[in-house]
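Colleague: Below are the structure tokens for one structure; questions will follow.
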């Protein structure tokens, strides 16, 4: 019987991740409004500091979904300053995503998952991508929604964009039990600060 690099069979690993994902999403969605507002404000400050260092020309980000941090204001500021922002568009199951240019005035439509995407716009390649995390660990791996879209997208883009995981501290776990197909993040930002992902773990680089 085949076992994963983190122990257990593929079926056991899938069950572990599915259960962890459900638990962490439920925890995030249950955050009291005042707690979410304070955490979002601190997270936005840390993320703005990191983005000022990375100075992206084109920023990829995701429309907030199921209680995720809302990066639209930061993306809008970048557009106002003359930069580009873009949202991911799912092309097909098992395929890498493409990014479609977005502005705060872009007409939107819903994709197959009910998530808004620009109705039109040029396809662009971000140099920095903000990736929402349902879970993250000290090794810099993220737990997404299980489709593998971001992993395939990062692997397909040359040069590889800088991958910034974005989420609340409630998403921090000991391990997501990463597998060979999981793409490691370059940075992680929560309300506790901005962290660089290193071989020794998460290194704090910006905090209030």
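Colleague: Hey, among the residues in segment 185-194 that are in contact with a strand residue (DSSP E or B) (Cβ under 9 Å, 6 or more places away or on another chain) and part of a loop (DSSP other than H, G, I, E, B), which one's nearest to residue 69 (Cα to Cα)?
Modeller: In the first step, residues of segment 185-194 are kept if they are in contact with a strand residue (DSSP E or B) (Cβ under 9 Å, 6 or more places away or on another chain); the result is 185-190, 192-194.
Cutting the leftovers down to part of a loop (DSSP other than H, G, I, E, B) gives us 185-186, 192.
Values: 185: 17, 186: 18, 192: 14 Å.
That would be 192.
Colleague: Here's a follow-up. If you check residue 182 against the conditions, is it surrounded by 15 or more Cβ atoms within 10 Å (Cβ to Cβ), at negative phi and assigned to a loop (DSSP other than H, G, I, E, B)?
Modeller: Details: surrounded by 15 or more Cβ atoms within 10 Å (Cβ to Cβ): yes; at negative phi: yes; assigned to a loop (DSSP other than H, G, I, E, B): yes.
Yes, satisfied.
Colleague: Also, I was wondering about something else. Before we move on, is residue 36 more than 17 Å from the chain's Cα centre (by Cα), at pLDDT 95 or above and either more than 29 Å from residue 24 (Cα to Cα) or exposed (fewer than 14 other Cβ atoms within 10 Å of the Cβ) (or both)? Quick ask: steps written out before the conclusion?
Modeller: Values: more than 17 Å from the chain's Cα centre (by Cα): yes; at pLDDT 95 or above: yes; either more than 29 Å from residue 24 (Cα to Cα) or exposed (fewer than 14 other Cβ atoms within 10 Å of the Cβ) (or both): no.
No: the conditions fail for residue 36.
Colleague: While we're looking at this one, here's another question. Being in contact with a strand residue (DSSP E or B) (Cβ under 8 Å, 6 or more places away or on another chain) and either closer than 23 Å to residue 115 by Cα or not in a loop (DSSP other than H, G, I, E, B) (or both) is the filter here; which residues of segment 75-97 pass it?
Modeller: Pass one, segment 75-97, residues in contact with a strand residue (DSSP E or B) (Cβ under 8 Å, 6 or more places away or on another chain): 75-76, 78-79, 83-89, 91, 97.
Once the filter is applied, which keeps residues that are in contact with a strand residue (DSSP E or B) (Cβ under 8 Å, 6 or more places away or on another chain) and either closer than 23 Å to residue 115 by Cα or not in a loop (DSSP other than H, G, I, E, B) (or both), segment 75-97 yields 75, 76, 78, 79, 84, 85, 86, 87, 88, 89, 91, 97.
Colleague: If I filter segment 163-178 for residues that are surrounded by fewer than 18 Cβ atoms within 10 Å (Cβ to Cβ), in contact with a strand residue (DSSP E or B) (Cβ under 6 Å, 6 or more places away or on another chain) and over 24 Å from residue 30 (Cβ atoms), do I get at least one hit?
Modeller: no
Colleague: Could you check residue 4 against (1) at pLDDT below 95; (2) surrounded by 12 or more Cβ atoms within 10 Å (Cβ to Cβ); (3) under 30 Å from residue 122 (Cα atoms) and say which number it fails?
Modeller: Of everything listed in (1) at pLDDT below 95; (2) surrounded by 12 or more Cβ atoms within 10 Å (Cβ to Cβ); (3) under 30 Å from residue 122 (Cα atoms), residue 4 misses just condition (3).
Colleague: Still on this model: Here are 197, 158: which of them is surrounded by 21 or more Cβ atoms within 10 Å (Cβ to Cβ) and either on the phi < 0 side of the Ramachandran plot or part of a loop (DSSP other than H, G, I, E, B) (or both)? Quick ask: steps written out before the conclusion?
Modeller: Numbers: 158 fails: surrounded by 21 or more Cβ atoms within 10 Å (Cβ to Cβ).
Criteria check complete, one pass: 197.
Colleague: Step by step: first the residues of segment 125-154, then only those that are buried (at least 19 other Cβ atoms within 10 Å of the Cβ) and in contact with a helix residue (DSSP H, G or I) (Cβ under 7 Å, 6 or more places away or on another chain), then the one that is nearest to residue 17 (Cα to Cα). Which residue is that?
Modeller: The qualifying residue nearest to residue 17 (Cα to Cα) is 143.
Colleague: Moving on. With the checklist (1) out of contact with any helix residue (DSSP H, G or I) (no Cβ under 6 Å at 6 or more places or on another chain); (2) buried (at least 18 other Cβ atoms within 10 Å of the Cβ) in hand, flag the one item residue 122 doesn't pass.
Modeller: Exception for residue 122: condition (2).
Colleague: A follow-up question, please. For residue 87, are the conditions met, namely being under 22 Å from residue 160 (Cα atoms), in contact (Cβ under 8 Å) with a residue 40 or more places away in the chain and either surrounded by 21 or more Cβ atoms within 10 Å (Cβ to Cβ) or touching a helix residue (DSSP H, G or I) at 6+ places or on another chain (Cβ under 7 Å) (or both)?
Modeller: Working: under 22 Å from residue 160 (Cα atoms): yes; in contact (Cβ under 8 Å) with a residue 40 or more places away in the chain: no; either surrounded by 21 or more Cβ atoms within 10 Å (Cβ to Cβ) or touching a helix residue (DSSP H, G or I) at 6+ places or on another chain (Cβ under 7 Å) (or both): yes.
Against the criterion (under 22 Å from residue 160 (Cα atoms), in contact (Cβ under 8 Å) with a residue 40 or more places away in the chain and either surrounded by 21 or more Cβ atoms within 10 Å (Cβ to Cβ) or touching a helix residue (DSSP H, G or I) at 6+ places or on another chain (Cβ under 7 Å) (or both)), residue 87 does not qualify.
Colleague: Within segment 51-66, take every residue that is touching a helix residue (DSSP H, G or I) at 6+ places or on another chain (Cβ under 8 Å) and surrounded by 15 or more Cβ atoms within 10 Å (Cβ to Cβ) and give me the one that is farthest from residue 127 (Cα to Cα).
Modeller: 64
The values are calculated or read from the model by the stated rules, or taken from the named source; none is laboratory data. Just so we're clear, the structure is a prediction, and the values are computed from it rather than from any experiment. Quick reminder, even Gly has a Cβ in these numbers, built from the backbone with ideal geometry, and neighbours come from all protein chains shown.
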